[in-house]
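Nothing in this text is a laboratory measurement; each read-out follows from the coordinates by a stated rule. All values derive from a computational prediction rather than experimental measurement. Don't worry about glycine lacking a Cβ; one is built from the backbone with ideal geometry, like all the others, and counts go over all protein chains shown.
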Amino acid sequence: MRGGGVRRTAVTTTASAALLLLLGGCGGPDRVPAHTGTPDTKAAAEPADRPTRIPGVDDRLQPRVPGVGTRLQRRVPADSRQVLAVYGDGRNSADATVVLYAKRGSGWDRVRGWPAHNGRKGWTTDHHEGDRRSPVGVFTLSDAGGVLPDPGARLPYTRSAAIAAPRWWPRSYWHDFDYVIAIDYNRVEGTPPNDQTRPGGYSKGGGIWLHMDHGSGTSACVSVSKEAMRYLLRTLDPDRHPVVVMGDRADLSA
């Protein structure tokens, strides 16, 4: 256990587990088939946005994550002390910059930043399975994992061969999932990253991760270098309630 995190060890290497990953995982080439199953009619609806504005305090007086406007700033939980901001270059661009901020006193201090990629078709405020766009929004970061051994992650880490990218993808994609951090979009927090439960139904997409970069856009995930992933795994602390604020720069600043 590290920093309140829990290490999970998984040995799920069955064909069925691999198939689930192909249906829901991120990062593969365009020919990866989208999931075509029907939504779970018993699933609960996605939670509504929960403003985190402090009652009685003017929005202009609250600390702002750089480049993030009031609409999304209000969705950053009041107890969050770590924000990973993903600044997309444009609505239809796959290029982005990732910056880690830490809340100190009354402001947000820049810790480190890295070049990154997002969905190969850009960004959307209404993400659906197979649209090749990353969802704009604020999402918690609660679970991590990968093919490689735990590098010292603070978040609960699941090591499993079932997370590996399939070998029928191009070789440049094979290491995408050596390290992953689940972005809590349409997933159940507290489960391994490759858990396939979709509370809002499969049509809303899922399996959106922060993972290792292959040099171009993803299916909907955000990708950074191996060095960046190792740093984030060792730094993102569940006791500091980390979240990701992600989108193209225009939507972020709105």
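Amide H to amide H under 5 Å from S225: which residues, 5+ apart in sequence or cross-chain, H placed 1.01 Å off N in plane? So S225 has HN proximity to D213. Close amide H contacts of A254 (hydrogens built in the peptide plane, cut-off under 5 Å, sequence separation of 5 or more or a different chain): G69. Would you mind pulling out the separation of the Cα centroids of the stretch 184-219 and the stretch 131-160, in Å? Distance between centres, Cα-based: 9 Å. 3J(HN,Hα) along the stretch 164-176: 4, 5, x, 6, 8, 6, x, 3, 5, 9, 4, 9, 3 Hz, from the Karplus curve 6.51 cos²θ - 1.76 cosθ + 1.60 with θ = phi - 60°, whole Hz, x for Gly and Pro. Its relative contact order, with pairs defined as Cα atoms under 8 Å and 6+ residues apart, puts the stretch 143-247 at 27 percent.
Residues whose amide H falls under 5 Å from that of D248, counting only those 5 or more places apart or on a different chain, are G88, with hydrogens built in the peptide plane. Quick check on the stretch 104-216: take the gyration tensor over C-alpha atoms, sort the square-rooted eigenvalues as a ≥ b ≥ c, and tell me if it's rounded (a/c under 1.5), prolate or oblate. The shape class here is rounded.
Classify the stretch 182-221 as rounded, prolate or oblate from the Cα gyration tensor: take a ≥ b ≥ c as the square roots of its eigenvalues, call it rounded if a/c is under 1.5, otherwise prolate when a/b beats b/c and oblate if not. Walk me through the numbers on the way to the answer.
Details: a/c = 3.10, a/b = 1.63, b/c = 1.90.
Oblate, because a/c is 1.5 or more while a/b does not exceed b/c.
Which of the trypsin sites (Lys or Arg not before Pro) found in the stretch 107-177 are in a DSSP loop and have at most 15 neighbouring Cβ atoms, other than their own, within 10 Å? Present the calculation step by step, with values, prior to reporting the outcome.
Values: sites: R110, R112, R120, K121, R132, R133, R154, R159, R167, R171; in loops: R120, K121, R132, R133, R154, R167.
Within the stretch 107-177, the qualifying trypsin sites (Lys or Arg not before Pro) (loop, at most 15 other Cβ atoms within 10 Å) are R167.
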